[in-house]
Amino acid sequence: MTFKDLGVHSSYIKGLKELGIKNPTEIQEKTIPVLLKSNTDFIGLAQTGTGKTAAYGLPVLNSVDSSSAVVQALILSPTRELVQQIKKQLFKFTKYVPEKIFIEAVYGGEKIEKQISRLQRPTHIIVATPGRLIDLIEKESINLRSIKTVVLDEADEMLSMGFKKELDSILKYTSGARNTWLFSATMPVEIQRIISKYMEPNAVRVTVNKDSLVNANIEHQYLLTSIDEKTNVVSNLLDKFGEGRGIIFCRTKLGVQKLVLELKEEGFSVDALEGDMKQNERDKVMRMFKKGTLQFLVSTDVSARGIDVTNLAFVMHHQLPENLEYYTHRSGRTARAGKKGISIALILPSELQRVHQIQKALSIKFKETIL
């Protein structure tokens, strides 16, 4: 199957090829033809890193009437990083498209006045975090009356980050003759509530790897250790991964800060990503990590939302997450875009039962590893 077979215009195919995207992924194969040809609500269930941005992005771009200088599509995403990334990717898709399509990104952490000023220019697509979009709506600085499509990207992450109220407000505000396309890695009760409340009962549903809630390219491992030995174990594992890059997850901000200090003392190229950081500090760390000048990142679950860095060899769980969905999202940072990766959990003997619970709930198999 090629993008041409899916009905994608040749000018977009040329842009995709330049980005090294030659063959569609499964979610793209199942999604793009439906969204190009049908005027429908849509539900896509697929793990992170499977190519969802192109799956909805190409049909969104295709639907824009570039001669009309009004906002025609709204894409909601949970974090500033993801919003910036989606805008950048959509812009690259349009490189060889003759008609100019204007895309704006709005998110917290940047002065709202700057964004209001940019929105006064012709804008066809807005990519936004829910909180900042609500700010702009309340200031009457954004016109969404001509919206044809609303995309909820990483819908489960938006809800787990506490955006339930904002999503309700936005979906009520944009209600009317618009289609809603919802993409999610998991399907918790709150997502089902949104579907039943704001979407048509006959919405098209597509599921990728429905028997596997976690990317099949991830190898799941656990290593038995003790609290006192954990830092030594982390150091030895990082040595073992050599040049491989990865993210280490801790449950708390204090845990992140402590582990980063210990690993820096050992000489590792490592930095933190946690909730007490200022936005400019966070941006600096993420730039270094994406460029590869920083090899390892230690992060809390919430701070790692929206990280999309290709070629990560592993994720490490310094502690297992309390929430099952967090394991899915943590693991999904590796093995992106068809590559393979390792998810390795450091556990105490008393946590073996938890490993068995995760295996059963997510239909995955853990393998014990030793140093």
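So, in the stretch 78-120, exactly how many residues are at pLDDT below 95 and of a type in the set (Gly, Ala, Ser)? Going through the stretch 78-120 one residue at a time, the tally reaches 2.
One residue stands out among those in the stretch 64-114 that are polar (S, T, N, Q) and either in contact with a helix residue (DSSP H, G or I) (Cβ under 6 Å, 6 or more places away or on another chain) or closer than 20 Å to Trp181 by Cβ (or both): the one that is surrounded by the fewest Cβ atoms within 10 Å (Cβ to Cβ), which is Gln89.
Determine if the stretch 67-82 includes at least one residue that is in a helix (DSSP H, G or I) and over 30 Å from Glu274 (Cβ atoms). Outline the logic, then answer.
So in the stretch 67-82, the residues in a helix (DSSP H, G or I) come out as 80-82.
Those still in the list that are over 30 Å from Glu274 (Cβ atoms) too: none.
There is no residue in the stretch 67-82 that is in a helix (DSSP H, G or I) and over 30 Å from Glu274 (Cβ atoms).
With respect to the conditions (1) closer than 18 Å to Arg333 by Cβ; (2) hydrophobic (A, V, I, L, M, F, W, C); (3) in the same structural domain as Glu154 (by TED's automatic domain parsing); (4) at pLDDT 95 or above, Leu259 lacks only one, and its number is (3).
Within the stretch 241-260, being over 18 Å from Lys284 (Cβ atoms) and either more than 28 Å from the chain's Cα centre (by Cα) or not charged (D, E, K, R) (or both) holds for Phe241, Gly242, Gly244, Gly246, Ile248, Phe249, Cys250, Thr252, Leu254, Gly255, Leu259.
Screening Thr328 with (1) at pLDDT 85 or above; (2) within 30 Å of Leu152 (Cα to Cα); (3) among the β-branched types (Val, Ile, Thr) gives one miss only, at (1). The residues of the stretch 35-54 that are over 14 Å from Thr149 (Cα atoms) and either of a type in the set (A, V, I, L, M, F, W, C) or not assigned by TED's automatic domain parsing to the domain that holds Asp156 (or both), listed by number, are Leu45, Ala46, Ala54. In the stretch 363-370, the count of residues that are touching a Leu at 6+ places or on another chain (Cβ under 7 Å), of a type in the set (S, T, N, Q), surrounded by 14 or more Cβ atoms within 10 Å (Cβ to Cβ) and at pLDDT 90 or above is one or more.
Within the stretch 105-133, which residues are aliphatic (A, V, I, L, M) and more than 21 Å from the chain's Cα centre (by Cα)? Once the filter is applied, which keeps residues that are aliphatic (A, V, I, L, M) and more than 21 Å from the chain's Cα centre (by Cα), the stretch 105-133 yields Ile112, Ile116, Leu119.
For the subset of the stretch 10-57 comprising residues that are small (Gly, Ala, Ser) and part of a loop (DSSP other than H, G, I, E, B), which member is nearest to Arg330 (Cα to Cα)?
To start, the set of residues in the stretch 10-57 that are small (Gly, Ala, Ser) comprises 10-11, 15, 20, 38, 44, 46, 49, 51, 54-55, 57.
This time we only want the ones that are part of a loop (DSSP other than H, G, I, E, B), so: 20, 38, 46, 49, 51.
On the way: Gly20: 26, Ser38: 34, Ala46: 15, Gly49: 12, Gly51: 17 Å.
Checked the stretch 10-57; the qualifying residue nearest to Arg330 (Cα to Cα) is Gly49.
Scanning the stretch 275-283 turns up no residue that is surrounded by fewer than 20 Cβ atoms within 10 Å (Cβ to Cβ) and either at pLDDT 95 or above or assigned to a strand (DSSP E or B) (or both). Screening Ala155 on (1) touching a helix residue (DSSP H, G or I) at 6+ places or on another chain (Cβ under 6 Å); (2) of a type in the set (A, V, I, L, M); (3) at pLDDT 95 or above shows it passes everything except condition (3). Could you tell me whether Glu219 is farther than 22 Å from Lys52 by Cβ and buried (at least 17 other Cβ atoms within 10 Å of the Cβ)? Criteria met by Glu219. A single member of Ile218, Ile248 is within 22 Å of Arg333 (Cβ to Cβ), β-branched (Val, Ile, Thr), in contact with a helix residue (DSSP H, G or I) (Cβ under 9 Å, 6 or more places away or on another chain) and modelled with pLDDT of 95 or more, and it is Ile248. Exactly one condition in (1) of a type outside the set (Phe, Trp, Tyr); (2) crowded, with 23+ Cβ neighbours inside 10 Å; (3) at pLDDT 95 or above; (4) closer than 20 Å to Asn202 by Cα is not met by Ile27; state its number. The single condition Ile27 does not satisfy is (3). Taking the criterion of being in contact with a strand residue (DSSP E or B) (Cβ under 9 Å, 6 or more places away or on another chain) and either of a type outside the set (A, V, I, L, M, F, W, C) or not assigned by TED's automatic domain parsing to the domain that holds Ser226 (or both), the residues of the stretch 348-365 that qualify are Pro349, Glu351, Arg354, His356, Gln359, Lys365.
Condition check for Gly292 on (1) modelled with pLDDT of 90 or more; (2) on the phi < 0 side of the Ramachandran plot: one failure, at (2). Answer with yes or no whether Glu113 is at positive phi, without any contact (Cβ under 8 Å) to a residue 40 or more places away in the chain and out of contact with any Phe, Trp or Tyr (no Cβ under 8 Å at 6 or more places or on another chain). When the stated conditions are applied, Glu113 does not pass them. Screening Ser146 on (1) surrounded by fewer than 20 Cβ atoms within 10 Å (Cβ to Cβ); (2) under 23 Å from the mean Cα position of the chain (by Cα); (3) over 20 Å from Tyr107 (Cα atoms) shows it passes everything except condition (2). In this entry, Leu320 passes the filter for residues that are buried (at least 17 other Cβ atoms within 10 Å of the Cβ) and free of Cβ contacts under 8 Å to residues at least 40 places away in the same chain.
Filter the stretch 306-352 for residues that are polar (S, T, N, Q) and in a helix (DSSP H, G or I); which is farthest from Gly246 (Cα to Cα)? Walk me through it before giving the result.
Filtering the stretch 306-352 down to residues polar (S, T, N, Q) leaves 310-311, 319, 323, 328, 331, 334, 343, 350.
Checking the rest, the ones that are also in a helix (DSSP H, G or I) come to 328, 331, 350.
Working: Thr328: 16, Ser331: 11, Ser350: 26 Å.
Once the filter is applied, the top-ranked residue is Ser350.
The values are calculated or read from the model by the stated rules, or taken from the named source; none is laboratory data. These figures come from a predicted structure and were not determined experimentally. Positions of Cβ are generated from backbone atoms using ideal geometry, with glycine treated the same way; all protein chains shown enter the neighbour counts.
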